[in-house]
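Notes to accompany the following structure.
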Amino acid sequence: EAQVTQNPRYLITVTGKKLTVTCSQNMNHEYMSWYRQDPGLGLRQIYYSMNVEVTDKGDVPEGYKVSRKEKRNFPLILESPSPNQTSLYFCASSPIPLSNTEAFFGQGTRLTVV
Amino acid sequence: AQTVTQSQPEMSVQEAETVTLSCTYDTSESDYYLFWYKQPPSRQMILVIRQEAYKQQNATENRFSVNFQKAAKSFSLKISDSQLGDAAMYFCAYNQAGTALIFGKGTTLSVSS
């Protein structure tokens, strides 16, 4: 089944403790991206990747890192999480950089930083 | 920068009725793509419908249709014969230069029987 898989789906952590949210797609998509969703703000892009070893900042990259060493994986790294990074996170992929093609989303990761 | 505005934080509709969700956007580009996504309580993002700006014909997918007014930069979603399963948050999104989807803040739709 074609899908984007995020892990974990729920995570509670403490301020300053490094964490990684994994994202993997099995559709051989070139484009992958991370968004965060906050109440009243919609979804905002954190980082995106057009292909292996090619990443770029989105609208809200501060406090996040990403890497794209393999086509299928695009982990999101929070080196020193803070409470303002408490949010719902989505990974997305599409076969080519976005045009009219559908972006496939993961199930979301609910992160709470205390 | 491109922006997407959904002016209705919440909407409600009765089963079998029709409801229209509003979306406006701001762009200086002439060729772009617009989308409506549905997010039910499961949190999954589901594509409802898409529209290419160069197409004058409004997109339709079963009970879902759009009213695309390019000059007015308006892209509303009409849901006909509403069903309980349509209850969700709906996001309007604009494709920016092939690298990002720009989302509105969302409209929560409730459906009553």
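The residues in region A:74-101 that are polar (S, T, N, Q), buried (at least 17 other Cβ atoms within 10 Å of the Cβ) and farther than 21 Å from residue B:96 by Cα can be counted, and the count is 2. A single entry from A:4, A:54 fulfils the requirement of being among the hydrophobic types (A, V, I, L, M, F, W, C) and in contact with a strand residue (DSSP E or B) (Cβ under 8 Å, 6 or more places away or on another chain): A:4. Hey, does region B:58-78 have a residue that's loosely packed, with under 12 Cβ neighbours inside 10 Å, touching a Phe, Trp or Tyr at 6+ places or on another chain (Cβ under 9 Å), assigned to a loop (DSSP other than H, G, I, E, B) and more than 11 Å from chain A (Cβ to nearest Cβ)? No, the conditions are met nowhere in region B:58-78.
Quick grid of which residues meet (1) without any contact (Cβ under 8 Å) to a residue 60 or more places away in the chain; (2) over 21 Å from residue B:109 (Cα atoms):
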{"site": "B:16", "(1), (2)": "no, no"}
{"site": "B:20", "(1), (2)": "yes, no"}
{"site": "B:31", "(1), (2)": "yes, yes"}
{"site": "B:34", "(1), (2)": "no, no"}
{"site": "B:40", "(1), (2)": "yes, no"}
{"site": "B:44", "(1), (2)": "yes, no"}
{"site": "B:49", "(1), (2)": "yes, no"}
{"site": "B:65", "(1), (2)": "yes, no"}
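The residue that is nearest to residue B:1 (Cα to Cα), counting only those in region A:1-54 that are surrounded by 17 or more Cβ atoms within 10 Å (Cβ to Cβ) and among the polar types (S, T, N, Q), is A:45.
Looking across region B:1-23, the residues that are at pLDDT 95 or above and under 22 Å from residue A:58 (Cα atoms) come down to B:4, B:5, B:6.
Annotation note: of A:108, A:16, A:63, the sole residue that is among the small types (Gly, Ala, Ser) and under 21 Å from residue B:106 (Cα atoms) is A:108. Of all the residues in region B:11-30, those that are surrounded by fewer than 17 Cβ atoms within 10 Å (Cβ to Cβ) and within 12 Å of chain A (Cβ to nearest Cβ) number 0. Note on region B:85-100: residues that are within 7 Å of another protein chain (Cβ to nearest Cβ) and either under 18 Å from residue B:68 (Cα atoms) or basic (Lys, Arg) (or both) total 2. Just name the residue that is surrounded by the fewest Cβ atoms within 10 Å (Cβ to Cβ) out of those in region B:95-109 that are at pLDDT below 90 and part of a loop (DSSP other than H, G, I, E, B). Here the residue is B:97. In the set (1) more than 12 Å from the chain's Cα centre (by Cα); (2) touching a residue at least 60 places away in the same chain (Cβ under 8 Å); (3) not in a loop (DSSP other than H, G, I, E, B), residue B:85 fails one condition alone, (2).
The values are calculated or read from the model by the stated rules, or taken from the named source; none is laboratory data. Predicted model only: the values in this text are computed from it and were never measured. Neighbour counts are summed over all protein chains in view; Cβ atoms, including those assigned to glycine, are modelled from backbone coordinates with ideal geometry.
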